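Written out below as structure tokens is the structure these notes cover.
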Amino acid sequence: RDKALSVAVDIGTDVVFRGERQDLDDLLGNLMENAAKWCVSKVRVKAQRQDGGILLTVDDDGPGLAPEDREVAMQRGRRLDETAPGTGLGLSIVKELAELYGGSLSLSESDLGGLSARLELPSAAL
């Protein structure tokens, strides 16, 4: 609420998730909530078809995570910053749910300067 948050969304018209709507809400909701929490002012969400699946990325312009902290951040209940509100479950939920669908979650540096969450999921046939 205290940020002048800008959210850019770029989702291809051919992107269709093969799964439960509630699961997609949980996947994307956790990633966007995390990005909005840590960003300075910018969040970018992009989804496109790739290699028979969906590539969904959520980027922010926040402080990001050091490479050695990225795997730790996806472990259930692990929090790297105890001063910020949260449970440490969001990224682990995304990772586990993506894997149940045969997908994956990876974290890297964003070209916005913060964190980039890369989610690969199955796509529905068009």
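Observations on the structure shown:
- Flag if V43 is outside any strand (DSSP E or B) and either out of contact with any Pro (no Cβ under 8 Å at 6 or more places or on another chain) or farther than 19 Å from L112 by Cβ (or both): no
- Comparison of T57, T13 shows that the only residue that is within 13 Å of the chain's Cα centre (by Cα) and either among the hydroxyl-bearing types (S, T, Y) or open to solvent by 70 Å² or more (accessible area, probe 1.4 Å) (or both) is T57.
- When the residues of segment 62-75 are filtered to those that are in a loop (DSSP other than H, G, I, E, B) and touching a helix residue (DSSP H, G or I) at 6+ places or on another chain (Cβ under 9 Å), the one that is nearest to A4 (Cα to Cα) is G62.
- Looking only at residues of segment 104-126 that are at pLDDT below 95 and not in a strand (DSSP E or B), we find that the one that is surrounded by the most Cβ atoms within 10 Å (Cβ to Cβ) is A124.
- Verdict on A47 being open to solvent by less than 60 Å² (accessible area, probe 1.4 Å), within 16 Å of the chain's Cα centre (by Cα), of a type in the set (A, V, I, L, M, F, W, C) and farther than 15 Å from L121 by Cβ: no
- The C-beta contact set for segment 52-77 (first residue closer than 19 Å to E33 by Cα, second residue surrounded by 19 or more Cβ atoms within 10 Å (Cβ to Cβ) and among the aromatic types (F, W, Y), distance under 9 angstrom, 6+ apart or interchain) comprises L56/F17.
The values are calculated or read from the model by the stated rules, or taken from the named source; none is laboratory data. Keep in mind it's a predicted model, so treat the numbers as computed, not measured. Because the Cβ atoms are built from the backbone with ideal geometry, glycine has one as well, and the counts that use them run over all protein chains shown. Side chains included, ligands, DNA and RNA excluded: accessible areas come from the protein's heavy atoms. Shrake-Rupley method; radii C 1.70, N 1.55, O 1.52, S 1.80 Å.
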